[in-house]
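The structure appears below as structure tokens.
The values are calculated or read from the model by the stated rules, or taken from the named source; none is laboratory data. Bear in mind that the values here come from a model prediction, so they are computed numbers and not experimental data. Heads up, the Cβs are rebuilt from the backbone with ideal geometry, glycines too, and the neighbour counts pull from every protein chain shown. Ligands, DNA and RNA are stripped out before the accessible areas are found, and what is left, the full protein with its side chains, is counted by its heavy atoms. Shrake-Rupley method; radii C 1.70, N 1.55, O 1.52, S 1.80 Å.
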Amino acid sequence: MKRALFALPVVLVLILGGFFLWGLNPDRDPNAIPSVLIDAQAPEFALDGIPGLDTPGLAKADLSGADNPLVVNVFASWCVPCRAEHAVLTRMAREENIHLLGINYKDKPEDAVRWLDELGNPYERIGADLTGRVGIEWGISGVPETFVIDANGIVVYRFVGPILSAEDVRDMQEAIALARSRSGAGGTS
Amino acid sequence: MIRILTVLAACFLMAMPVLAVQPDEILNDPVLEERARDLSKDLRCVVCQNENIDSSHAGMARDLRILVRERLVAGDSDEEVLDFVVARYGDYVLFNPPFKPSTYALWIGPFAVMALGLLGVVLMLTRRPKKIDAKALALSEEEESAVAAMLAEDGKEGPKG
């Protein structure tokens, strides 16, 4: 008993030290809210396209049975980081062999159209989420947010904030590779 | 006089807490509105995370407030409303998270640390050496007589030099 008590401070220091090490880790984002969607089916939703734009709308049905991984990007013309991210997403859509889909979050249709005219439209489909209700279905906390979805409609990864740096792109590439490997194993049912 | 009263009234108005809930959100049914307010206080704003959605001015918080009210009007119980939001945002949005393996540390942690501290205090107090009786330290009668004898002998010889 006495021996065990002598070890107590050491054990305490180890526990507290481990906790602080975890807490002070610069890679840990204390504001990150874990998504409940990871490894689950994407939520049910159906959105019309942006009025005045030829790009078709987006619904849950469009998210499964694809030959390549899907990337769903939530964006808005009023969101400055989205503008920064746009170039990276456009290049990724071209190089990575993915389907880039958009959810236009709480945007005025005319603003969205003007924005896409100006910057280019890399999206295969865009759903106009005028009320922000579909954003809640996806559990977003703001724009931009990006989800990687495998061929079975299962969410593999969620990226919060703009995809800008090489590191961000690598995270996305890893997630896309993971989605691709899972799609291969699960078939395209 | 009226001017002073107006200024005073203005001061009191400014001192009132700023409400995030906007007039167009408030339900006509006061009972439902009260429930909505209570539920909103337990839901974390996902944008400004230390605020509840009842006091947050974020657009996202407003959307969630409206959603909560819609669910209540549709006849959901309080529990169903919370479950609806948790299904989309996880336990993280609850200021009063459920007791389950992933939250054990959260719920038990503080009490465990307090228990350890109390244990430490108790150990410290019980293991402190007991106060020893003053009599045991002072000269015993035997020693005292021995000393007296030595002093008496010393006196007989007289001062040296």
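Just want the answer: with Cβ charges of +1 for Lys and Arg and -1 for Asp and Glu, which residue in B:V7, B:A36, B:G117 is farthest toward the dipole's positive end in chain B?
Farthest along the dipole direction, towards plus: B:V7.
How long are the three semi-axes of the equivalent ellipsoid for chain A, computed from the Cα gyration tensor as the root of 5 times each eigenvalue, in whole Å, largest first?
Working: eigenvalues 295, 75, 48 Å².
The three semi-axes for chain A are 38, 19, 16 Å.
With r defined as the distance between the Cβ atoms of A:D67 and A:L8 and R0 fixed at 56 Å, what FRET efficiency is calculated, to the nearest 0.05?
On the way: r = 59 Å, r/R0 = 1.06.
That gives a FRET efficiency of 0.40.
Quick one: accessible surface of B:M124, probe radius 1.4 Å, all protein chains present, in square angstrom to the nearest 10.
For B:M124, solvent-accessible area is about 130 Å².
Rank A:R114, B:R71 by accessible area, highest first, at a 1.4 Å probe radius? Could you put the intermediate results ahead of the total?
Numbers: A:R114 145, B:R71 75 Å².
From most accessible down to least: A:R114, B:R71.
So what's the Cα pair-distance distribution over the protein assembly as shown, bin width 20 Å, in %?
21, 39, 20, 8, 6, 5, 0
Send over the per residue convex hull volume for chain B, Cα only, as a whole number of Å³.
On the way: hull volume 66.0 nm³, N = 161.
In chain B, the Cα convex hull volume per residue is 410 Å³.
Mind grabbing the accessible area of A:L14 for me, 1.4 Å probe, Å², rounded to tens?
The value for A:L14 is about 120 Å².
Which residues belonging to segment A:22-39 lose at least 20 Å² of 1.4 Å-probe accessible area when the assembly is complete, relative to their chain isolated?
Buried by the other chains: A:N31, A:I33, A:P34, A:V36.
When you have a sec, figure out the Kirkwood radius of segment B:96-161 from all distinct Cα pair distances and drop it here in Å to one decimal? It would help to have the intermediate numbers written out before the result.
On the way: mean 1/r = 0.0549 Å⁻¹.
Taking every pair of different Cα atoms in segment B:96-161, averaging 1/r and inverting gives 18.2 Å.
How long is the gain from B:F95 to B:L8 if the chain were fully straight, where each residue apart is worth 0.36 nm and the alpha carbon distance is subtracted? Write down the numbers at each step before the final one.
Values: separation 87, 0.36 × 87 = 31.32 nm, distance 3.71 nm.
Answer, rounded to one decimal: 27.6 nm.
Over segment A:5-66, how many percent of alpha carbon pairs lie in each 10 Å bin up to the one with the longest distance?
Reading upward from the zero bin: 16, 21, 19, 17, 13, 9, 4, 1.
For chain B, modelled as a GNM with alpha-carbon contacts under 10 angstrom, which of B:P129, B:P98, B:P30 fluctuates the most?
Evaluated over chain B, the most mobile residue of the options is B:P129.
Any chance you could look up the accessible area of B:K41 with a 1.4 Å probe, heavy atoms only, rounded to 10 Å²?
Result for B:K41: roughly 100 Å² accessible.
Do any cysteines in the protein assembly as shown lack another Cys Cβ under 4.7 Å, and if so which?
Singleton cysteines: B:C11, B:C45, B:C48.
Only four residue types carry charge here, +1 at the Cβ of Lys and Arg and -1 at the Cβ of Asp and Glu. Report the dipole size of the protein assembly as shown about the Cα centre in Debye, rounded to the nearest 20. Working shown, then result.
Working: 34 positive and 50 negative charges, 182 e Å.
Dipole of the protein assembly as shown, to the nearest 20 debye: 880 debye.
How much of the accessible area of chain B, in percent, comes from carbon and sulfur atoms when a 1.4 Å probe is used?
Values: 7660 of 11820 Å².
With neighbouring chains kept in place, the figure for chain B is 65 percent.
Quick one: accessible area per residue over segment A:89-141, 1.4 Å probe, rounded to a whole number of Å²?
Numbers: 2260 Å² over 53 residues.
It amounts to 43 Å² per residue over segment A:89-141.
Quick one: order B:C11, B:C45 from most to least accessible surface, probe 1.4 Å. Don't jump to the answer; show the numbers that get you there.
Details: B:C11 70, B:C45 0 Å².
Largest accessible area first, the residues go B:C11, B:C45.
Taking both sides together, what accessible area is buried at the B/A interface, probe 1.4 Å, expressed in Å² and rounded to the nearest 100? Walk me through the numbers before you get to the answer.
Details: alone 12620 and 10570 Å², together 21540 Å².
Using a 1.4 Å probe, the pair buries roughly 1700 Å².
Just name one of A:G49, A:A93, A:N31: the one whose Cα is farthest towards the positive end of the charge dipole of segment A:1-94 (beta-carbon charges, Lys/Arg +1, Asp/Glu -1).
Among A:G49, A:A93, A:N31, the one farthest towards the positive end of the dipole of segment A:1-94 is A:N31.
Counting Lys and Arg as +1 and Asp and Glu as -1, each charge on the Cβ, what is the dipole of chain B about the Cα centre in debye, to the nearest 20?
Numbers: 18 positive and 25 negative charges, 79 e Å.
It comes to approximately 380 debye.
How much area per residue is accessible in segment A:1-50 when the probe is 1.4 Å and only protein heavy atoms are counted (Å²)?
On the way: 3990 Å² over 50 residues.
Normalised by residue count, the accessible surface of segment A:1-50 is 80 Å².
Given a 1.4 Å probe and heavy atoms of the protein chains only, how would you sort B:I26, A:I154, A:I140, largest accessible area at the top? Walk me through the numbers on the way to the answer.
On the way: B:I26 80, A:I154 50, A:I140 0 Å².
Putting B:I26, A:I154, A:I140 in descending order of accessible area: B:I26, A:I154, A:I140.
Would any residue of segment B:106-147 have its amide N under 19 Å from a label point 7 Å out along Cα→Cβ of B:K156? List them or say none.
In segment B:106-147, the label zone of B:K156 (backbone N under 19 Å from the point 7 Å along Cα→Cβ) covers B:144-147.
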